[in-house]
Amino acid sequence: MRINVCFVSCFPPSRGRLSEYAYYLLRELACFESIEKIHVFADKIEGGDVSSENGKIVVHRVWRPDSVLSLILLLFRILRLRPHLVHFNVHMAVFGRSRLANFVGLALPFFCRIFGLRTVVTLHNVFDRMDVEKCGFRSSFLNRLGAFLALKLVSFASLVTVTVRSYVRLMRERYGCRAVRWVPHGTWRVNMFKFNGGSFDSSHERNVLFIGHVGPYKNLDLLQRAYKMLDNG
């Protein structure tokens, strides 16, 4: 049986966080013969609200950052489509700066499950491992409670994949998520087997991969300090 997938994420040419990750992930998913069509429900961009199609991938610009109403309507769009699988590519602030919008967006996998849809969530960060104040939020009781409830709802997905190995234990022990798996973030355009005649030689100079959105808790200063620790170790 060939399946139809609904994929919820920021998506290029939007510069929303995780859009580049979504692009390369979908490019690989489209290679599977078992997938007939991938409907991307992406963030709206100026002049780009109409749908566009490229092979198996159909992009629908249907939700706006910080818009609770557009996220509620997104749920109805998903239910109308009735895909075999809904895949959410998210982190704690992917739906904008609004706490309410992010809570509603992160609750969507739970409601999809309530309506009988299989759901996969790729979760790129968790509140417990963020420097909240550096990200512009107060470490208040309300924020902590909202983040806990949001991640608890995420844990009801059919499968949660995380890009950091330590998140597996955290999601299991704190949020009771049993169906959680670590999937390494990976990279693209680089084939390490092309170096050193197809093998890795640790005697050569060290290479550091730095990838992703630069933010308060992931920046060049932290990279330099981590590299010094590795170099001294």
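Readers should treat all values here as calculations from the given coordinates under stated rules, not as data from a laboratory. Quick caveat, the model's predicted, so the values are computed rather than measured. Here the Cβ is made from the backbone with ideal geometry for all residues, glycine too, and neighbour counts use every protein chain on show.
Before moving on, here are some points about what is shown:
- For segment 72-178, with +1 on Lys and Arg beta carbons and -1 on Asp and Glu, the positive-most of L153, L79, G176 along the dipole: L79
- For segment 95-105, putting each phi into the Karplus relation 6.51 cos²θ - 1.76 cosθ + 1.60 with θ = phi - 60° gives couplings of 8, x, 8, 6, 5, 5, 4, 5, 5, 5, x Hz, in residue order, rounded to whole numbers and with x for Gly and Pro.
- Around the amide H of V180, modelled in the peptide plane, lie the amide H atoms of V160, all under 5 Å away and 5 or more residues distant in sequence or on another chain.
- Phi-based couplings in Hz for segment 114-128 (Karplus 6.51, -1.76, 1.60; Gly and Pro marked x): 4, 8, x, 9, 6, 10, 10, 10, 9, 9, 8, 7, 9, 4, 5
- Beta bridges assigned by DSSP with both partners in segment 3-182 are antiparallel in approximately 10 percent of cases.
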